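*Asks:* Below you'll find the structure I mean.
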Amino acid sequence: MRTAIFVGSFDPFTIGHDDIARRALALVDRLVIGVGVNERKACSRTAEERISAIQQLYAEEARIEVMGFSDLTVTFAKRVGAQFVIKGVRSVKDFEYEREQAEINRRLTGLETILLCAQPQLASVSSSLVRELEHFGQDVAQFLP
């Protein structure tokens, strides 16, 4: 069984994240969405809220599991039996960051990373943009699944 993890803070989980997760299902048998829990990082939603929202979104998709994690990505991958990390990239800047992370993960454990390019119409959607719009009272429904 091919298992991959898709990890992030997902604060919030956007339509871009949803697109990457659904496209990843064409590549793997099981996708574990790992919601990063980092006490040093200020999030607008609790870990429980983020996990619950994503679980509700995929309640009908048996091949997707959602759980929190607070350790290294490679440790989380090993714990859930993943052979791959799925990451979405929106820009060259994202690509460089993810390439560096992929190299470190591969050197540490042999874990491979699959980079999926964002669809052009979703490339400008980011969690930080959505949080900023929310902060200023804007309706962000169009950016959320």
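*Asks:* Between Leu115 and Glu103, what is the label-point separation in nm under the 7 Å Cα-to-beta-carbon projection?
*Replies:* Result: 1.1 nm between the two label points.
*Asks:* Just how much of Met67 is accessible, in Å², when a 1.4 Å probe is used and the result is rounded to the nearest 10?
*Replies:* Roughly 60 Å² of Met67 is accessible to a 1.4 Å probe.
*Asks:* With θ taken as phi - 60° and the coefficients 6.51, -1.76 and 1.60, list the Karplus ³J(HN,Hα) couplings across region 104-118 in order, rounded to whole Hz; mark glycine and proline as x.
*Replies:* 5, 4, 5, 5, 6, 9, x, 5, 8, 10, 10, 9, 10, 6, 5
*Asks:* I've got another one for you. Just tell me which aspartates and glutamates come within less than 17 Å, Cα to Cα, of Lys87; anything on the same chain fewer than 8 places away is out.
*Replies:* Asp11, Asp18, Asp19, Asp29, Glu65, Glu96, Glu98, Glu100, Glu103, Glu112
*Asks:* Mind listing the phi-derived Karplus ³J(HN,Hα) values for region 119-136, rounded to whole Hz, using 6.51, -1.76 and 1.60 with θ = phi - 60°, and x for any glycine or proline?
*Replies:* 5, x, 6, 10, 5, 8, 8, 9, 4, 5, 4, 4, 4, 5, 4, 4, 4, 9
*Asks:* How much of the accessible area of the chain, in percent, comes from carbon and sulfur atoms when a 1.4 Å probe is used? Can you show the working numbers first?
*Replies:* Numbers: 4350 of 8350 Å².
Carbon with sulfur: 52 percent of the solvent-accessible area.
*Asks:* Need the full-extension length gain, Arg22 to Val80, defined as separation in residues times 0.36 nm minus the C-alpha distance. One decimal, nm.
*Replies:* Working: separation 58, 0.36 × 58 = 20.88 nm, distance 1.91 nm.
Full-extension gain reported as 19.0 nm.
*Asks:* Select from Ala62, Ala82, Ala21 the residue whose mean-square fluctuation is largest in a Gaussian network model of the chain (Cα-Cα springs shorter than 10 Å).
*Replies:* Of the options given, Ala62 has the highest mean-square fluctuation.
*Asks:* How about region 1-109: which GluC sites (Glu not before Pro) there are in a DSSP loop, with at most 12 other Cβ atoms within 10 Å of their Cβ?
*Replies:* On the way: sites: Glu39, Glu48, Glu49, Glu60, Glu61, Glu65, Glu96, Glu98, Glu100, Glu103; in loops: Glu39, Glu60, Glu61.
Sites meeting the loop and neighbour criteria: Glu39, Glu60, Glu61.
*Asks:* Quick one: which residues, 5+ away or cross-chain, put their amide H under 5 Å from the amide H of Phe6? H built at 1.01 Å from N.
*Replies:* Distant-sequence amide H within range of Phe6: Val32, Ile33, Gly34, Ile86.
*Asks:* Then there's this: With each label point set 7 Å from Cα along the Cα-Cβ vector, what nm distance links Ala59 and Ala123?
*Replies:* The two pseudo-label positions are separated by 3.6 nm.
*Asks:* Over what distance in Å are the Cα centres of region 116-145 and region 20-60 separated?
*Replies:* A separation of 16 Å, based on Cα centres.
*Asks:* Roll a 1.4 Å probe over the protein chains and send me the accessible area per residue for the chain in Å². Numbers along the way, then the final one.
*Replies:* On the way: 8350 Å² over 145 residues.
It amounts to 58 Å² per residue over the chain.
*Asks:* Under 5 Å between amide hydrogens, which residues at least 5 positions from Gly68 or on another chain qualify, with H placed 1.01 Å from N in the peptide plane?
*Replies:* Under 5 Å from the amide H of Gly68 lie the amide H atoms of Val35, each far enough along the sequence or on another chain.
*Asks:* Let me ask you something else. Probe radius 1.4 Å, ligands and nucleic acids left out: which of Tyr58, Tyr97 has the largest accessible area, and how do the rest follow?
*Replies:* On the way: Tyr58 10, Tyr97 125 Å².
Sorted descending by solvent-accessible area, the residues read Tyr97, Tyr58.
*Asks:* I've got another one for you. Which entry in (i) 59, 52, 29; (ii) 44, 33, 33; (iii) 58, 33, 32 matches Cα extents along the principal axes in Å derived from the coordinates of this structure?
*Replies:* Working out Cα extents along the principal axes in Å from the coordinates points to (ii).
*Asks:* Nearest 0.05, what FRET efficiency do Asp139 and Leu72 give at R0 = 35 Å with Cβ-Cβ as r?
*Replies:* Numbers: r = 37 Å, r/R0 = 1.05.
That pair, Asp139 with Leu72, gives E of 0.45.
*Asks:* What figure in square angstrom, to the nearest 10, would you give for the accessible area of Ser52 with a 1.4 Å probe?
*Replies:* Accessible area of Ser52: about 50 Å².
The values are calculated or read from the model by the stated rules, or taken from the named source; none is laboratory data. The structure displayed is predicted, hence computed values, not measured ones. As a convention, Cβ positions derive from the backbone with ideal geometry for all residues, glycine included, and neighbour counts pool all protein chains shown. The accessibility values were calculated without ligands, DNA or RNA, using every heavy atom of the protein model including side chains. Shrake-Rupley method; radii C 1.70, N 1.55, O 1.52, S 1.80 Å.
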